[in-house]
Amino acid sequence: MATELETKIAQFETDLGLAHDIVHGGIAVEVVTEGGTVKSLAKLVKDAEDNVVAPATAGALAAQAAAEAARDISVGAAGTASADAVTAVAAKDDAETARGQAQALVNPALQAVAAANIDLASGAAVFAKTFEAGAIAITISNWPVAGTVGSFLFKMVNAGLAGITWPAGLAWAGGVEPVWSSDATDIVALMSDDGGATIYAGLVFFGLNPGA
């Protein structure tokens with residue numbers, strides 16, 4: 001009887017030691033029992049971290065990296081879209097400018113000459129002046145530079161009333177200045193390709209009188 005009791009006590013102490021190892025064993029401890037190998041609590045926790053927490057953390061980090069990459073792509077796309085919008089606006093402005101220039105060629109502006117100077121810097125293609133009795137010296141300023149052609153039409157109303165002096169270097173077609181109308185409109189074409197040093201002029205229309 002005593003021997004049986006001692007055997008059970010010894011078995012209990014052994015089992016108690018195994019339980020101690022299971023509860024307090026380190027992260028690498030595996031305890032061999034009669035029912036098989038049992039991992040310590042520390043090892044169970046460690047294995048759970050390795051198999052569940054670490055992959056989950058890695059997945060979260062990967063998801064974060066993917067989100068940041070997507071954000072960068074979105075920002076880059078927005079920047080590209082903004083640059084494209086600026087380019088489109090610039091192209092629209094260029095098109096508007098070109099259209100305005102083309103319109104100016106089709107419908108050239110008319111500039112009234114109040115005094116005696118025809119200023120080509122105004123950009124007008126047609127200049128007009130109504131003459132009165134008396135002497136007047138016509139001047140032409142701001143011709144394009146030599147090598148570039150500048151030209152315009154000059155609408156002269158009642159030019160025959162005035163004594164007109166023209167700029168030096170002006171050469172009339174046929175070598176003779178026309179005789180101007182005193183009660184009608186004459187139209188002259190003038191051009192220069194040497195900065196105004198030489199001006200070629202010719203009568204286009206003579207004696208126009210729409211009201212007659």
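Some values worked out for this structure:
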| item | result |
| --- | --- |
| Residue count, the range 34-73 (criterion: at pLDDT 75 or above, of a type outside the set (A, V, I, L, M, F, W, C) and farther than 27 Å from His24 by Cα) | 4 |
| Members of the range 102-129 found to be modelled with pLDDT under 60 and either assigned to a loop (DSSP other than H, G, I, E, B) or surrounded by 10 or more Cβ atoms within 10 Å (Cβ to Cβ) (or both), listed by number | Ala102, Gln103, Ala104 |
| Those strands (runs of 3 or more DSSP E) lying entirely in the range 148-203 with at least 2 residues touching an Asp or Glu at 6+ places or on another chain (Cβ under 9 Å) | 150-157, 162-165 |
| Single residue of Trp180, Trp143 found to be over 50 Å from the mean Cα position of the chain (by Cα) and either surrounded by 13 or more Cβ atoms within 10 Å (Cβ to Cβ) or on the phi > 0 side of the Ramachandran plot (or both) | Trp180 |
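The values are calculated or read from the model by the stated rules, or taken from the named source; none is laboratory data. What you are looking at is a predicted structure, and each value in this text was computed from that prediction instead of being measured. Glycine also receives a Cβ, built like all others from the backbone with ideal geometry; neighbour counts cover every protein chain displayed.
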